[in-house]
Amino acid sequence: MATAAKKPHYPLALAGIILLAAGILMTGWAVRERARQLRQDFLRQADQISQAIPSNLVNALSGSKADLVKPEYLRLKKHFAALKHLYRNCRFIYLLRSRANGEIIFLIDDQAITAPNVIPAGSLYDDAPPEFRYGLLSETELVTGPLSDRRGSFIAAMTPLANTNKPATSLVIGLDADAWRKSLQHAAWIPIL
């Protein structure tokens, strides 16, 4: 009695490999698309916040410790705290300025004056990422990251501050948000399901 020849399983294996490759490509596409969407939304928030900053108050700031007692600084502190409450996904909201010598300083942030991680007016941002320097000098909107510092990983957005009369210096609003790891992981699961 003759035995029947076994049929090769190559077509089935090839179909499995194609399916796996397609799944990997779809997952990669979904993660990249979600990251692009998150960056676009975050930049839109930075622009909205930039439009909400009263330029007359910013124009009164000198970028020194003398600002700490100015009524304009104190009003801006309240304004930044309210914006932080409104934009809950932001870890920090701050205003940066470049000096003529290229140094980057903080003018104001959203933290209460008594908070342990408050950044006083005029403080040097000596460990600013190169992207921040580029964003300030070119007055370009940007989203960068994930970055890391002593507080953890984060994504940062910057946009020029609108309507100021400080032509000798560049001013940008900066926002930090926790890295979007969970959101990107969720995006990766969608094609798998």
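The values are calculated or read from the model by the stated rules, or taken from the named source; none is laboratory data. Note that the structure is predicted; figures quoted are calculated from it, not measured. Cβ placement follows ideal geometry from the backbone for every residue including glycine, while neighbour counts extend to all protein chains displayed. Surface areas here come from the heavy atoms of the whole protein model, side chains and all, with no ligands, DNA or RNA. Shrake-Rupley method; radii C 1.70, N 1.55, O 1.52, S 1.80 Å.
Tabulated data
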item	result
Test result for residue 133, assigned to a helix (DSSP H, G or I), within 30 Å of residue 36 (Cα to Cα) and either at pLDDT below 85 or open to solvent by less than 20 Å² (accessible area, probe 1.4 Å) (or both)	yes
Of all residues in the range 82-107 being farther than 20 Å from residue 129 by Cβ and aliphatic (A, V, I, L, M), the one that is least open to solvent (accessible area, probe 1.4 Å)	83
Considering residues of the range 141-193 that are modelled with pLDDT of 75 or more and not in a strand (DSSP E or B) only, the residue most open to solvent (accessible area, probe 1.4 Å)	141
Residues within the range 118-148 that are among the β-branched types (Val, Ile, Thr) and within 16 Å of the chain's Cα centre (by Cα), tallied	3
Some residue of the range 113-121 being assigned to a helix (DSSP H, G or I) and either among the aromatic types (Phe, Trp, Tyr) or open to solvent by 60 Å² or more (accessible area, probe 1.4 Å) (or both)	no
Subset tally (residues that are crowded, with 18+ Cβ neighbours inside 10 Å and closer than 16 Å to residue 174 by Cβ) for the range 27-76	10
Neighbours by Cβ (under 6 Å, 6+ apart or cross-chain): first from the range 13-31, small (Gly, Ala, Ser) and at pLDDT below 80; second surrounded by 12 or more Cβ atoms within 10 Å (Cβ to Cβ) and in a helix (DSSP H, G or I)	30/187; 30/190; 30/191
Wholly enclosed helices (runs of 4 or more DSSP H) of the range 1-108 bearing at least 1 residues in contact with an Asp or Glu (Cβ under 7 Å, 6 or more places away or on another chain) and within 19 Å of residue 157 (Cα to Cα)	10-52, 71-86
